[in-house]
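Presented below is the structure to which this report refers.
The values are calculated or read from the model by the stated rules, or taken from the named source; none is laboratory data. The structure displayed is predicted, hence computed values, not measured ones. With ideal geometry, Cβ positions are generated from the backbone for all residues, glycine too; neighbour counts draw on all protein chains shown. These area figures cover heavy atoms from the full protein model, side chains too; ligands, DNA and RNA do not enter into them. Shrake-Rupley method; radii C 1.70, N 1.55, O 1.52, S 1.80 Å.
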Amino acid sequence: MNGLLRPDLLAGRAALVTGGGSGIGLGIARALAAHGARVALLGRRADRLVEAAACIERETGRTAIATPADVREPEAVAAAVRTCLERFGRLDVLVNAAAGNFLAPAAAISPNGFRAVMDIDARGTWHASRAVFDAWMRDHGGVILNVSATLHHGATPMQAHASAAKAAVDSLTRSLALEWGPFGVRVVGLAPGPVEDTEGLARLVPEPIRERFRRVIPMRRFGRIDEIATLATFLVSDAAALVTGTTLVADGGARLAGRTLGLES
Ligand code: HXC
């Protein structure tokens, strides 16, 4: 890790990260472990989760476990939460990082395509949040971090489905912060812009337009997974104890550069 935060910032905590097998979810899980937390990785591909958990254990010396489940299945998510509680005896942090996306004009998105993305992003966030609240946080408090995006702050071509889904996620961040604050639960959001070495960048910003897009970003670069993970670690830590119901944008100013990802031409 980059050493910007105290290495014992999350000592004694336990965290569940959906989408923890790859990309930003995995980066966040690694960072939480590097700052003292035990982590559980939730995702669809058990083999990938097991490999990622072993890698985190080797790297950080913290316990990391695989809890395979599809966030679209509330029963499977609730079972994964039970496994975490059996293994860790607590669950202080939930990170909702599972997401699905593809590039398609609105006129070409099928009912099932729209549903798949809404189900993974919006309903997945809901299922995991409810499961963790019901099983632990209602009685013990905790922090829920929802990974969002900036696609829906204006409008982004070929992203009608993902924009609708992330708007729903941001809305849940506010609603759950309002209702669960009295239980000692903070609910915060983190909205990365384009991030290097992610499936999102590979899927959404095709190579031919990548350089052009990079040049119009105020910071003249894409984000890095470790930068997003550091912000996530800060947001779930006590350093952000007063922050709830809001989503932090971390995009190098990309959202200011124009209305699109560079997809309009
Ligand atoms: C049109 C498409 C499509 C495409 C899939 N579909 N790809 N439609 N254009 N390119 C349609 C399928 O035809 C199908 O509808 C429906 O979506 C479901 O597809 P399946 O493959 O059967 O579903 P599933 O296996 O569940 O896959 C879900 C998925 C997939 C979302 C479609 O892409 C996925 O699993 N992605 C996970 C990883 C991911 O996307 N990560 C990137 C997140 S990026 P029909 O009608 O044919 O049955 C992100 C960041 C955004 O969130 C911000 C970045 C700046």
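Selection of segment 35-52 for residues being touching a strand residue (DSSP E or B) at 6+ places or on another chain (Cβ under 8 Å) and crowded, with 21+ Cβ neighbours inside 10 Å yields A37, R38, V39, A40, L41, L42, G43, L49, A52. Restricting to segment 197-232, name every residue that is more than 10 Å from the ligand (Cβ to nearest atom), within 22 Å of the chain's Cα centre (by Cα), outside any loop (DSSP other than H, G, I, E, B) and of a type outside the set (A, V, I, L, M). Result: D226, E227, T230.
A count restricted to segment 1-34 and to residues that are open to solvent by 10 Å² or more (accessible area, probe 1.4 Å) and more than 16 Å from the ligand (Cβ to nearest atom) stands at 14.
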